[in-house]
1. Out of segment B:261-279, which residues are buried (at least 17 other Cβ atoms within 10 Å of the Cβ) and more than 15 Å from B:Val242 (Cβ to Cβ)?
2. When the residues of segment A:99-116 are filtered to those that are without any contact (Cβ under 8 Å) to a residue 12 or more places away in the chain and of a type in the set (A, V, I, L, M, F, W, C), which remaining residue is nearest to the other protein chains (Cβ to nearest Cβ)?
3. Name the pairs whose Cβ atoms lie under 7 Å apart, with the first residue in segment A:296-320 and buried (at least 17 other Cβ atoms within 10 Å of the Cβ), the second among the hydroxyl-bearing types (Ser, Thr, Tyr) and outside any loop (DSSP other than H, G, I, E, B), and 6 or more positions between them or separate chains?
4. Can you give me the number of residues within segment A:244-274 that are farther than 23 Å from A:Ser144 by Cβ and surrounded by fewer than 21 Cβ atoms within 10 Å (Cβ to Cβ)?
5. What residue, of A:Ile265, A:Ile306, A:Ile261, is over 30 Å from A:Ser70 (Cα atoms), at pLDDT 90 or above and within 18 Å of the chain's Cα centre (by Cα)?
6. Quick one: count up the residues across segment A:80-89 that are surrounded by fewer than 18 Cβ atoms within 10 Å (Cβ to Cβ) and either in contact (Cβ under 8 Å) with a residue 40 or more places away in the chain or touching a His at 6+ places or on another chain (Cβ under 9 Å) (or both).
7. Among helices (runs of 4 or more DSSP H) lying entirely in segment B:217-305, which contain 3 or more residues that are within 11 Å of chain A (Cβ to nearest Cβ)?
8. Looking at segment B:158-172 only, could you name the residues that are out of contact with any Lys or Arg (no Cβ under 8 Å at 6 or more places or on another chain) and touching a residue at least 40 places away in the same chain (Cβ under 8 Å)?
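The values are calculated or read from the model by the stated rules, or taken from the named source; none is laboratory data. Note that the structure is predicted; figures quoted are calculated from it, not measured. As a convention, Cβ positions derive from the backbone with ideal geometry for all residues, glycine included, and neighbour counts pool all protein chains shown.
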Amino acid sequence: MKFGRERPFAVLPFLVLPLVPLLDRNNSHIDFLTNAGAFILLALGLNIVVGFAGLLDLGYAAFFAIGSYSYAMLASQQFGIHIPFWVMLFVASVIAAIFGILLGAPTLRLRGDYLAIVTLGFGEIVPQTFLNLTQYTNGPNGISPLDSPSLFGHSFGFSATPYYEVMLALIALAVLLATNLQSSRLGRAWMAIREDELAARHMGINTTTAKLAAFALGASFSGLAGVAYAAKLSLVSPDQFQFNVSVLVLSMLVLGGMGNIWGVIVGSFTLSFINGFLLPQSTNLAHSMHLNLDFTNYRFMLYGVILVAMMLFRPEGLIPSKQRRAEFREAKLDPALAAEEQGEYTLGPGPGAGTGG
Amino acid sequence: MDVFLQQLVNGLSLGGIYALIALGYTMVYGIIELINFAHGDVYTLGSFFALAVLTGLGVSGEVHGPALIGVVLVTVLAAMLCCGLTGVLIERLAYRRLRNAPRLAPLITAIGMSFILENVMQLWRGPSPVSFPSVIPNPIVHLGPIDIGAKQILVIVTAVVMMFALQLFIYRTRLGKAMRATAQDRDAAQLMGIDINTTIALTFLIGSALAGAAGFISGVYYGTTWFFNGFEAGLKAFTAAVLGGIGNIAGAMLGGFLIGLIEAMATQYIPQGAQWTNVVVFSVLVLVLIFRPSGLLGESLPEKV
């Protein structure tokens with residue numbers, strides 16, 4: 001494992017950020033940061049599928065739902081089962097990974113845009129199923145309350161701070177995993193598949209295994225996020241996992257830079273900040289000035305504009321990964337090459353020169 | 001059996017609307033291989049445009065006599081024109097620049113456009129469903145044990161007529177030939193003197209206009225419209241296009257009617273079926289894509305390398 005060896009400053013945030021609750025006693029701020037953390041975790045997971053392996057997953061919220069519902073069913077009064085939070089983190093990520101493989105296995109032959117639509121269909125089926133299986137999930141009412149996690153006999157209670165620390169630890173774990181994966185043999189296989197699947201296969205890469213691994217690992221991250229998020233809210237309900245959640249996470253990737261771990265984190269936090277802070281605050285400001293404006297109504301417009309504008313003007317994202325930039329620019333510079341779909345990427349740096357490697 | 005026949009009629013009329021939307025998906029996919037995700041929202045936009053025209057004409061209920069023909073024609077044509085222009089605008093703004101980009105880039109902008117359109121409609125007509133005047137009288141025809149509403153006949157007939165008109169256009173006119181050539185090989189078509197930008201814009205114009213017509217019809221048929229309708233209807237219509245064989249006009253029509261039938265039958269014959277229709281339809285999508293991605297009428301093409 002190499003973490004911080006090449007980039008010592010990468011460790012710095014994880015030393016400083018745990019101290020934030022000591023400096024800022026405002027619980028709502030910590031609460032906001034914790035929610036933002038859950039989405040960073042989701043974005044890091046989706047980045048494995050979309051950013052590393054280049055498989056567009058439009059139903060990613062389904063795995064988030066599976067993680068959350070796993071916790072809700074196995075750690076609440078719903079069935080009288082009370083598996084501890086810490087065990088559930090592991091269990092739910094495994095369950096989510098299994099569903100990732102179940103979705104991935106039959107769909108691997110599909111071309112990129114068809115795969116996107118199938119994952120979208122899956123993303124619609126999962127929350128709808130949770131909604132309809134009323135006898136197990138209470139349907140639209142959801143499941144609540146859920147068990148509060150405890151550490152060394154101390155229950156987490158209602159303060160956001162312990163959840164914040166857990167979320168940070170999970171993000172650190174996810175970053176560590178993603179960084180190492182990216183420069184691993186598997187990570188390079190993903191990169192090869194992303195750039196030219198046919199060529200990758202001819203170079204002896206087992207594309208099936210590599211793509212399944214991407215689905216499983218990506219899903220497992222959102223399983224973790226689901227457990228932590230559900231435990232913090234002490235509630236799950238099917239409307240938390242609609243299509244717009246999948247698109248929100250995708251917008252985070254597109255904004256920050258697909259394939260770049262730090263870009264994805266920045267993109268994710270930026271959007272959470274706009275959503276959870278900037279829009280409500282400016283609405284309050286407008287109301288205090290007696291303007292009847294509700295900026296939170298423009299939320300979906302914002303995701304849409306980000307997706308369109310970024311793809312048109314800066315498809316590699318604000319903090320791009322070198323390879324992804326080369327891939328997008330290549331296609332633009334040389335339409336003849338792009339017309340043959342995906343040709344050789346002579347402009348791209350050699351393998352293993354990724355941001356994390 | 002009576003129930004089955006009744007559901008058959010209901011399914012066919014439901015399918016007529018899907019079929020009209022599916023035509024737009026299939027045309028655009030056929031020519032630039034893009035899943036125009038915003039197409040479902042153009043359809044909803046059509047119902048809102050039609051509603052605005054009807055409000056402008058002062059129509060709030062059923063219209064009778066010769067005025068009916070006038071009102072329907074004006075409304076449909078206006079909705080088709082507005083939607084067609086919206087489609088062309090979307091292509092110009094969001095897709096044209098990305099024609100040579102990696103395939104997933106235009107798909108992502110299409111999702112973005114869909115969100116923008118939905119938000120615009122939400123800001124325009126509010127977040128709740130809006131009632132739509134039932135312009136067309138709906139006498140019920142009793143055909144043995146089954147009841148057929150005039151509106152149901154209208155939906156089915158409109159869909160079939162539009163499909164035949166489109167077939168004629170594509171296979172019998174110069175512009176249609178240009179579209180087929182562009183779909184086959186864009187570069188070669190350009191070398192032969194075809195203006196591919198205009199041809200692609202024309203494809204969007206026609207596809208979106210058909211969605212506009214579908215928007216008006218669905219408004220009259222259901223008596224209500226909602227800014228978010230297009231998401232689900234769009235997905236189902238896309239499923240229809242894929243089921244029929246994407247890029248194939250007759251396939252889109254067949255797929256549309258089949259999806260309508262599947263939905264109607266699922267509602268009737270699965271316990272608590274109404275809750276499960278979406279799950280059933282999307283499962284059909286997944287299964288078709290996995291086992292027969294070329295669809296029922298499509299020819300299977302090897303992936304271009």
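1. B:Leu261, B:Glu263, B:Ala264, B:Met265, B:Ala266, B:Thr267, B:Gln275, B:Trp276, B:Thr277, B:Asn278, B:Val279 - these are the residues of segment B:261-279 that are buried (at least 17 other Cβ atoms within 10 Å of the Cβ) and more than 15 Å from B:Val242 (Cβ to Cβ).
2. Looking at residues that are without any contact (Cβ under 8 Å) to a residue 12 or more places away in the chain and of a type in the set (A, V, I, L, M, F, W, C), I get A:Leu110.
3. Every condition considered, the pairs that remain are A:Tyr303/A:Ser251; A:Ile306/A:Ser251; A:Leu307/A:Ser251; A:Leu307/B:Thr109; A:Val308/B:Thr109; A:Met311/B:Thr109; A:Leu312/B:Thr109.
4. Summing the residues that are farther than 23 Å from A:Ser144 by Cβ and surrounded by fewer than 21 Cβ atoms within 10 Å (Cβ to Cβ) in segment A:244-274 gives 6.
5. A:Ile306
6. Matching residues across segment A:80-89 total 3.
7. Output list reads B:229-244, B:273-291.
8. Within segment B:158-172, B:Thr158, B:Ala159, B:Val160, B:Met162, B:Met163, B:Leu166, B:Gln167 meet the criteria.
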